[in-house]
Amino acid sequence: MTEKTVLISQQGAVRILTNSNPGARNAITPTLYAELSAALADAQNDPEVGAVVFTGAGDFFCSGGDLNLLAKRRELPASERREKLEGLHDLIRGIRDCGKPVIAAVEGGAAGAGLSMALACDMLVSARDAFYTVAYVKVGLTPDGGATAFLAEFVSRQVLTEMCLTGDRMTAERLHALGAVNRLTDKGAALAEAIALAAKVADGPQRAIARIKTLCRQAHRATLEQQLDAEAVYMVESQADAEAAEGIGAFLGKRRADFNALRRKAKPDAS
């Protein structure tokens, strides 16, 4: 039986997905894309899950693509190389499109496609001593996985170009100062902090959260008019949602909103 690459566990309403290939600093394996995409889809459809944390086993998040595998890609026709690359890009889209918040917990570092996966998440918690690098140029390759798109949301064109052309490391503290990292922790504490952050949002109104995720994702690219229109569409939907009835009713009644009860009602009867 093939050993699983993605380990799945749960703490309360937080689903934890762990890329487990520590012997290779969690380099991407051929099965990672399919397993992680399936795990995200399962979390999306499970009403017991309010948020997802994605991390790497051991003391490193992800060292990117396996160069031994990538070296063999040059022997394939361009169409097959593109097909294999789309496995990564479909995963990036899956993180983006997941209705549940996805939070990266980074120890050690994130390189290449590992950096792309970390930045694709909705929020990022990082150990203070971790590093980030767009290392493709050092092996004659170009960035993929949306690395340039995600970084361009935080850094200037000049800094982005420097990172991509040199492959130099950027510290977690610098990325935090630029706004790409939400929270810094001591070494070894990123996962616990990410789970705590995930738990904070996991009890929220899930349909409203999915709408908020979409608004936040497109805000950097949309014009004001486009964003106003999108906000209007989602506000109109939300006002008619049972989540708003519960949330507003709880506020006016001076009690804590119970959005979890709404999710339990929506859960299919196992019997």
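How much of the accessible area of the chain, probe 1.4 Å, is carbon plus sulfur, in whole percent?
Solvent-exposed carbon and sulfur of the chain make up 55 percent of the total.
Starting from the Cα of Arg93, step 7 Å along the direction of its Cβ; do the same at Asp258; then give the gap between the two resulting points in nm.
4.0 nm
Anyone know which of Thr185, Thr223, Thr55 comes out most mobile in the 10 Å Cα GNM of the chain?
Thr223
P(r) of the chain in 10 Å steps, Cα pairs, percent per bin?
With 10 Å bins starting at 0, P(r) equals 7, 27, 34, 22, 9, 2, 0.
Using amide H atoms built 1.01 Å from N in the peptide plane, name the residues 5+ places from Gly56, or on other chains, whose amide H lies under 5 Å from its own.
Counting only residues 5 or more places away or on other chains, the set is Asn19, Glu107.
Cut-off 10 angstrom, C-alpha nodes, Gaussian network model of the chain. Which of Val155, Val233, Val181 fluctuates the most?
Of Val155, Val233, Val181, the most mobile in the Gaussian network model is Val233.
Enumerate the lysines that Lys200 could reach by cross-link, defined here as Cα to Cα under 25 Å, with residues fewer than 8 away along the same chain left out.
Lys100, Lys187, Lys213, Lys254, Lys265, Lys267
List the aspartates and glutamates whose alpha-carbon lies under 16 Å from that of Lys72, not counting same-chain residues fewer than 8 positions away?
Glu80, Glu83
Tell me, rounded to the nearest percent, the portion of alpha carbon pairs in the stretch 2-130 spaced more than 27 Å apart.
Tail of the P(r) past 27 Å holds 16 percent of the pairs.
State in Å² the accessible area per residue of the chain; use a 1.4 Å probe, count heavy atoms of protein chains only, and round to the nearest integer.
Heavy-atom SASA per residue in the chain reads 53 Å².
Out of residues 5 or more away from Ala51 or on other chains, whose amide H comes under 5 Å of its own, with H placed 1.01 Å from N in the peptide plane?
Arg15
Distance between Cα centroids, the stretch 93-128 to the stretch 194-239: provide it in whole Å.
Result: 18 Å between the Cα centres.
What is the extension gain from Ala240 to Arg74, computed as 0.36 nm multiplied by their sequence separation minus the C-alpha to C-alpha distance, in nm to one decimal?
Between Ala240 and Arg74, full extension yields 54.4 nm more.
Place a +1 charge on the Cβ of each Lys and Arg in the chain and a -1 charge on the Cβ of each Asp and Glu, then give the dipole magnitude about the Cα centre in debye, rounded to the nearest 20.
That gives the chain a dipole magnitude of about 180 debye.
With n ≥ 4 as the cut-off for DSSP H runs, can you work out [θ] at 222 nm for the chain, using -39500 (n - 2.57) per run divided by the number of residues, rounded to the nearest 500?
Roughly -15000 deg cm²/dmol at 222 nm, from the helical runs in the chain.
The values are calculated or read from the model by the stated rules, or taken from the named source; none is laboratory data. Treat the numbers as computed from the prediction; the structure is a model and nothing was measured. Cβ coordinates were reconstructed from backbone atoms using ideal geometry, including for glycine residues, and neighbour counts include every protein chain displayed. What goes into the accessible areas is simple: the full protein's heavy atoms, side chains included, and nothing from ligands, DNA or RNA. Shrake-Rupley method; radii C 1.70, N 1.55, O 1.52, S 1.80 Å.
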